[in-house]
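Here's the structure we're looking at; comments come further down.
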Amino acid sequence: MEVDGYQFIDLNSNGELDVYEDWRQDADTRAADLVGQMTVREKISQMQHPTFLPRADGEIPSYLQEWCNEEGIGMLLIRELNSVEAAATSMNTIQEYAEASRLGVPVLVSMDSVHGLSYVTGATVTPHNLALAATRDEELVTKLAEIAREEHIAIGVRMTLSPEADIATEPRWGRVMETFGEDGDLVTQMTRAQVVAFQNGADGLNPGGIVACLKHFPGAGPQMDGQDTSPIVSEETLQMHLKPYYAALEVNVGSVMPYYSVPLALDMENSAIGSAATLQDLLRGEMGFEGIIQTDWGMIWAIQEALGTMTGEEVSDEEAILIGVTQSRVDGIGGESIRLIDQMEELTQEGKIDESILDEAATRILKAKFELGVFENPYCDVEAAVAFVGNEESTAVNLEAARKAMTLLKNDGALPLSANTGLNILV
């Protein structure tokens, strides 16, 4: 529609310019207006962040239309795309479904892209962070993150579930290769560089950037005995493990993801996902984070598993939902069944979830979308994406990083070892 000589999108098709449709308004004002028009179910739907796996034949399953159009989910993780063209086309289809929903709210599409656009065949897939840390080259790491940002935007993905800010003080942990290593200062330096590059600056979200989701709060590097999801042992070194998060908050990181594990220094019973002491007292209160708290995949399971292990208590699905939503007060709920919308709506009707909690969560998610500009421009140019993603210039930068990450060892007669050295060699 045209108003005052300007063009606007009539997202809810009511023939009038609503405040949330007016791009001249700031993000806070638009988000408040939109939340004020939402039903309880629509607010709950904004918090949902399920996973979509495209079919091998490229056909879009009918349930995706239900998610984006009928339910109006807020976010969607997408994986396993067999070409750049398929990726960009899928993103546009998702947004077409969302545009036809009651309020026309676009979906914030994410990717678990911890080393480049790794779930898209033909895109630039970079060395893992452990290799990038070995370059000791912040400028090169920044350049690769900028390439990743541009490739994400080219195919319509506006959130990356990275960077990985864990400090790998337990070398037996199976996710060490995703980290920038065991040096807290180096991890902080590289994490901050990636956040700024992903978000296109240090001043917060904007139309030229993507949402960086920092993980795994409060630092999953010291997993007990190196076993993933076991308690995080960091009583004496908690501040070191928090250092990358403080640095990322200084450059206004848009989202933070807590982990499955129990952070013993903060909470002796709950996983970080279900810990009010970790997410509300520390992250929101002491550290002042105002962005999106995005759970790792499987909030209900993580809360049940942690409490079962630490206290021996059995926790129902309902109790786990209430812990995550009303105590730790997460915003984005990753990887759960879409049936969670029904469960949360029923709990709200019963008075077990206060609607103000849903208002706050939906507002944070919608504000991010307004800041990114996706309400005005949710679509991508398929032909432009095919021409740009994985181009020769990006590949050359990537090759430079791979080469710079390698260390060549010179053998000055030390090898091969003789049989009588008396050494026990572990490989």
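The values are calculated or read from the model by the stated rules, or taken from the named source; none is laboratory data. Fair warning: this is a prediction, and the values are worked out from it, not measured in the lab. No Cβ is skipped: glycine too gets one built from the backbone with ideal geometry, and neighbour counts run over all protein chains shown. SASA here: full protein model, heavy atoms, side chains in, ligands and nucleic acids out. Shrake-Rupley method; radii C 1.70, N 1.55, O 1.52, S 1.80 Å.
Phi-derived couplings, Karplus 6.51 cos²θ - 1.76 cosθ + 1.60 at θ = phi - 60°, listed residue by residue for segment 190-205: 6, 4, 4, 4, 5, 4, 4, 5, 4, 8, 6, x, 9, 9, x, 6 Hz, with x used for Gly and Pro. In this structure, Lys352 and Thr311 have a Cβ-Cβ separation that, at R0 = 25 Å, corresponds to a calculated FRET efficiency of about 0.70.
When the charge dipole of segment 6-147 is built from unit charges on Cβ atoms (+1 for Lys and Arg, -1 for Asp and Glu) and taken about the Cα centre, the candidate among Ala87, Thr124, Ser110 whose Cα reaches farthest toward its positive end is Thr124.
To the nearest ten degrees, helix 299-311 and the longest principal axis of the Cα atoms of the chain are 50 degrees apart.
The magnitude of the dipole of the chain, with charges of +1 and -1 set on the Cβ of Lys/Arg and Asp/Glu and taken from the Cα centre, is near 1300 debye. For Gly116, the residues 5 or more places off, or on other chains, whose built amide H falls under 5 Å of its own are Thr126.
Mean residue ellipticity, 222 nm, helices only, the chain: the sum of -39500 (n - 2.57) across DSSP H runs of n ≥ 4, divided by residue count and rounded to 500, is -11500 deg cm²/dmol.
Between Val211 and Met159, Thr160, the built amide H atoms are under 5 Å apart, and every one of these is 5 or more places off in sequence or on another chain.
Need one word for segment 266-387: rounded, prolate or oblate. Basis is the Cα gyration tensor (sqrt eigenvalues a ≥ b ≥ c); a/c below 1.5 gives rounded, then a/b vs b/c decides.
prolate
For segment 186-258, averaging the sequence separation of C-alpha pairs within contact (under 8 Å, six or more residues apart) and dividing by the residue count gives a relative contact order of 44 percent. Across the chain, the mean sequence separation of Cα contacts (distance under 8 Å, 6 or more residues apart), normalised by length, yields a relative contact order of 18 percent.
In loop segments of segment 332-396 as defined by DSSP, the GluC sites (Glu not before Pro) with at most 12 further C-beta atoms inside 10 Å of their C-beta are Glu350. Between Thr29 and Glu376, the simple spin-label model (points 7 angstrom out along Cα→Cβ) gives 1.4 nm.
A simple charge model with +1 on the Cβ of Lys and Arg, -1 on the Cβ of Asp and Glu and nothing else charged puts the dipole of segment 281-328 at about 160 debye relative to its Cα centre.
So what is the relative contact order for segment 103-186, in percent, with contacts set as C-alpha pairs under 8 Å and at least six apart? Walk me through the intermediate numbers first.
On the way: 103 pairs, mean separation 30.5, N = 84.
Relative contact order, segment 103-186: 36 percent.
For Gly334, nonlocal amide neighbours, meaning residues 5 or more places apart or on other chains whose placed amide H falls under 5 Å from its own, are Thr295, Gly298, Met299. When the solvent-accessible area of the chain is split by element, carbon and sulfur atoms take up 47 percent of it, the probe being 1.4 Å. Hey, how many Å between the Cα centroid of segment 120-155 and the Cα centroid of segment 39-72? Cα centroid to Cα centroid, the span is 29 Å. With both labels modelled 7 Å from their Cα along Cα-to-Cβ, the Asp183 to Ile60 distance reads 4.7 nm. Average accessible surface for segment 87-244: 32 Å² per residue, computed with a 1.4 Å probe over protein heavy atoms with every protein chain in place. Of the trypsin sites (Lys or Arg not before Pro) found in segment 357-423, those that fall in a DSSP loop while having at most 15 other beta-carbon atoms within 10 Å are Lys410. Against the chain, whose longest principal axis comes from its Cα atoms, helix 238-250 is set at around 50 degrees. Taking each of Lys215/Lys367; Lys43/Lys243; Lys143/Lys215 in turn, the alpha-carbon distance tops 31 angstrom for Lys43/Lys243. On a C-alpha basis, how far is the centre of segment 249-278 from the centre of segment 318-395 in Å? Whole number, if you could? The two parts, judged by their Cα centres, are 18 Å apart. Toward the positive end of the charge dipole of segment 302-427, with +1 on the Cβ of Lys and Arg and -1 on the Cβ of Asp and Glu, the farthest Cα among Ala385, Phe375, Gln343 is that of Ala385. Our coupling estimate for segment 325-339, obtained by passing each phi through the Karplus curve with A = 6.51, B = -1.76, C = 1.60 and θ = phi - 60°, is 8, 9, 9, 7, 6, 6, 9, x, 10, x, x, 7, 4, 5, 5 Hz, Gly and Pro reported as x.
For the chain, the longest principal axis of the alpha carbon atoms and the long axis of helix 355-372 meet at an angle near 80°.
Kindly report the accessible area of segment 265-355 per residue (heavy atoms of protein chains, probe 1.4 Å, no ligands, DNA or RNA), in Å². Show your work: numbers first, answer last.
Working: 3800 Å² over 91 residues.
That works out to 42 Å² per residue.
Rolling a 1.4 angstrom probe over the protein heavy atoms with all chains in place gives segment 1-48 an accessible area of 48 Å² per residue. Sites listed here are chymotrypsin sites (Phe, Trp or Tyr not before Pro) in segment 316-411 whose DSSP assignment is loop and whose Cβ has at most 16 other Cβ atoms within 10 Å: Tyr379.
Each residue of segment 5-12 was assigned a 3J(HN,Hα) from its phi angle through the Karplus curve 6.51 cos²θ - 1.76 cosθ + 1.60 (θ = phi - 60°); the sequence is x, 10, 9, 9, 9, 7, 5, 9 Hz, with glycine and proline shown as x.
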